[in-house]
1. Does the stretch 224-233 hold any residues that are outside any helix (DSSP H, G or I) and surrounded by 19 or more Cβ atoms within 10 Å (Cβ to Cβ), and which are they?
2. Go through (1) buried (at least 24 other Cβ atoms within 10 Å of the Cβ); (2) not in a helix (DSSP H, G or I) for residue 196 and report which single condition fails.
3. Please find, within the stretch 11-23, the residue that is farthest from the chain's Cα centre (by Cα) out of those that are touching a residue at least 12 places away in the same chain (Cβ under 8 Å) and more than 8 Å from ligand 1 (Cβ to nearest atom).
4. Report yes if residue 413 is farther than 30 Å from residue 483 by Cα and either surrounded by 22 or more Cβ atoms within 10 Å (Cβ to Cβ) or at pLDDT below 95 (or both), otherwise no.
5. Is it true that some residue in the stretch 400-422 is under 21 Å from residue 314 (Cα atoms), touching a helix residue (DSSP H, G or I) at 6+ places or on another chain (Cβ under 8 Å), without any contact (Cβ under 8 Å) to a residue 24 or more places away in the chain and part of a loop (DSSP other than H, G, I, E, B)?
6. Which count do you get for residues in the stretch 140-167 that are farther than 12 Å from residue 57 by Cβ and near ligand 3 (Cβ under 10 Å from one of its atoms)?
7. Would you be able to say whether some residue in the stretch 123-136 is modelled with pLDDT under 95, assigned to a loop (DSSP other than H, G, I, E, B) and either within 16 Å of ligand 3 (Cβ to nearest atom) or in the same structural domain as residue 88 (by TED's automatic domain parsing) (or both)?
8. For residue 216, which of the numbered conditions (1) surrounded by fewer than 17 Cβ atoms within 10 Å (Cβ to Cβ); (2) under 25 Å from the mean Cα position of the chain (by Cα); (3) at pLDDT below 95 fails to hold?
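The values are calculated or read from the model by the stated rules, or taken from the named source; none is laboratory data. Keep in mind the model is a prediction, meaning the values are calculated, not measured. Cβ: placed from backbone, ideal geometry, glycine included. Neighbour counts: every protein chain shown.
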Ligand SMILES: NC(=O)C1=CN([C@@H]2O[C@H](COP(=O)(O)OP(=O)(O)OC[C@H]3O[C@@H](n4cnc5c(N)ncnc54)[C@H](OP(=O)(O)O)[C@@H]3O)[C@@H](O)[C@H]2O)[C@@H](O)CC1
Ligand SMILES: Nc1ncnc2c1ncn2[C@@H]1O[C@H](COP(=O)(O)OP(=O)(O)O)[C@@H](O)[C@H]1O
Ligand SMILES: [K+]
């Protein structure tokens, strides 16, 4: 599992480091990493570092300082380096001096011969002839999107971009973007990932993220967010052992669908069938359809007759009327962990007295999309982590907020994020598949927060495998939820082999 630290946490750790290591030395370490990764990218894209042109976009603070020191190092490796200063009066003095000593050139963004956009001729030339651009416009102190001159310069870049710490224009805390921002090929960050590398538009605009060690190590506190690695999910995925039988791996009850809309039942039950080797019970009006599609499911007409289960997956397609409410009340009273999705969430929003049916010690997972979240607690807003955390605490639930980046908050404040590099699961019914997956993992006794993380991970990978069908990343075809469901075993195999 990877940690993600807030800018405040990183700054506090840096302050502790400065007590033993001088600040300029820490910055040199950061800059050296930027230079080394930039040289590697240059070699990959142009075959060499020496003789290539690197342009530094340099803002008003230490982020620009990192870029300037990195430029000095690249100059020593034989690259031609030009720094374009966006705030000439505030450019990091020691970095600037180092670059000049190494033979680098310095120009002002709005220097002589400025065009109608306010960009000087030398700056335009430096950006256009670059083989690589280093974005040192702004880092942890960023507020808002790129300012006009920086935005104009960035828009003229055609070369690959290496972002120092984070892509400029992205909010460091939320990853949100509300105007122009750098779209980096690679981000070199320091000490640990920041939220903007895994949340919102920032997760995509960061490109590949490498974490350089600048000695923060033991000074970093418990991370603010966590990200599961594929290998974590693969290693922890429950599979049968020699002494297992169908009961020992957990029995999940699925209460979903209706006679008119049996699809949700088929998708959620099918997902539970494929997630683990335990047993799946279905209870609801779509029993015949579920039985014919998934003969291994033990199906009954009502939750009252379902028999014993270790968890419930409830909600998709149950309706928001009296019968849906009774189904939800019944599973809450069971005292088993419950994954409540779709109509269950609307039912909770309509009738908060439903919470009274809950056994206090049984975990409840809620899996809203943005619209369902709004019914529960108002608009999500730009800070999705804060929104999910607040409701998880308020309602004592594990809250899984759906979207391109899935955010999973536990009542104790822990947050997992599952950033996605694609949007293939954005198709009707794919949420029903997620509900079945979570329900099946809950039945195994897994920690509900982790169960949600595992499910979100396998779900996104299944969608990707189904969409790509073995083709390259650019050649996927749209899929429906049935294809996502069919790809679940392949996704679990892939995760278990990492
Ligand atoms: N401490 C250390 O030793 C280490 C620090 N490290 C590095 O320092 C970085 C943090 O540096 P920092 O705190 O100096 O601020 P930084 O992010 O460069 O911003 C500077 C100024 O930019 C401005 N600005 C704000 N928003 C803007 C926008 N949208 N577009 C344009 N400009 C904008 C705003 O000034 P304003 O113009 O508003 O007065 C702001 O004050 C960190 O990310 C890492 O790279 C590493 O070397 C490791 C060791
Ligand atoms: N743009 C997107 N990128 C990646 N995943 C997405 C995107 N939009 C939705 N998803 C995922 O697809 C699923 C959709 O669930 P949901 O909205 O409940 O759909 P439905 O109700 O049709 O089943 C969730 O797992 C969600 O995280
Ligand atoms: K930057």
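1. Of all residues in the stretch 224-233, those outside any helix (DSSP H, G or I) come to 224-229.
Across the stretch 224-233, the qualifying residues are 224, 225, 226, 227, 228.
2. (2)
3. If we take residues in the stretch 11-23 being touching a residue at least 12 places away in the same chain (Cβ under 8 Å) and more than 8 Å from ligand 1 (Cβ to nearest atom), then 21 is farthest from the chain's Cα centre (by Cα).
4. no
5. Within the stretch 400-422, one or more residues are under 21 Å from residue 314 (Cα atoms), touching a helix residue (DSSP H, G or I) at 6+ places or on another chain (Cβ under 8 Å), without any contact (Cβ under 8 Å) to a residue 24 or more places away in the chain and part of a loop (DSSP other than H, G, I, E, B).
6. Within the stretch 140-167, residues that are farther than 12 Å from residue 57 by Cβ and near ligand 3 (Cβ under 10 Å from one of its atoms) number 4.
7. No - not one qualifying residue is present in the stretch 123-136.
8. (1)
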